[in-house]
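The values are calculated or read from the model by the stated rules, or taken from the named source; none is laboratory data. Just so we're clear, the structure is a prediction, and the values are computed from it rather than from any experiment. Cβ placement follows ideal geometry from the backbone for every residue including glycine, while neighbour counts extend to all protein chains displayed.
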Amino acid sequence: MANRRQSGFTLLEMIIALVVVGLLGAAAGYSLVGGTLAFSGTADAVQTLGKLRHASERMAREVREIRRDPVTPAVYDITTMNTTTLAFTKTDGTTVTLTGSPPLATLAYSAPAGTHTLTDEVGSLAFNYLQADGSTAATGNGDVAFVELELVLTRSGNSYPQRVRVSLRNRQ
């Protein structure tokens, strides 16, 4: 009989080719999944940092508007000043209340009446009241010169802190 030359692949060559293609596919899939997870984590962090910036800037903007008491100009018109709540009257006469109660930070106005959520990822919010030297704690609304906001947002086990110190204006 004449030797016939066979064309094509043997079974062993096909199995080796399939194993190599499978390994390459698994490595590519692993890279794609890792990249997708990294993108998703970064997008979550960017969104939380945006909320942090918005909430802290909005609170600082409101605190800058604390007015001096029209009856007793030596003191600021602050009605509540504890670590979780700050209530005061703005220069236009509107009463503002800032409250931090995890997971929410809220801003409430007297006119027009309404409460607004600044962020829904609060880990903690603390208000500190300081005297003119910037380090001694204020004992009342007569000796407060700075209000410090310490806001920490948490998402997916990560904490994002920010501290803002606002100097009160000396308007009368």
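Okay, here's what the table says:
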| item | result |
| --- | --- |
| Qualifying positions in the stretch 111-134 - of a type in the set (S, T, N, Q), assigned to a loop (DSSP other than H, G, I, E, B) and within 14 Å of residue 153 (Cα to Cα) | none |
| Matching entry among 109, 30 (being among the aromatic types (Phe, Trp, Tyr), out of contact with any helix residue (DSSP H, G or I) (no Cβ under 7 Å at 6 or more places or on another chain) and surrounded by 11 or more Cβ atoms within 10 Å (Cβ to Cβ)) | 109 |
| Members of the stretch 84-110 found to be part of a strand (DSSP E or B), among the polar types (S, T, N, Q) and under 26 Å from residue 154 (Cβ atoms), listed by number | 85, 97, 99, 101, 106 |
| Complete set of residues in the stretch 123-157 that are under 18 Å from residue 82 (Cβ atoms), within 26 Å of the chain's Cα centre (by Cα) and touching a residue at least 40 places away in the same chain (Cβ under 8 Å) | 125, 126, 127, 128, 129, 147, 149, 151 |
| Failed item in (1) farther than 30 Å from residue 158 by Cβ; (2) of a type outside the set (Gly, Ala, Ser); (3) crowded, with 17+ Cβ neighbours inside 10 Å, with residue 52 passing the rest | (1) |
| Residue selected from the stretch 104-143 under the condition under 24 Å from residue 91 (Cα atoms) and among the β-branched types (Val, Ile, Thr), by the criterion modelled with the lowest pLDDT | 139 |
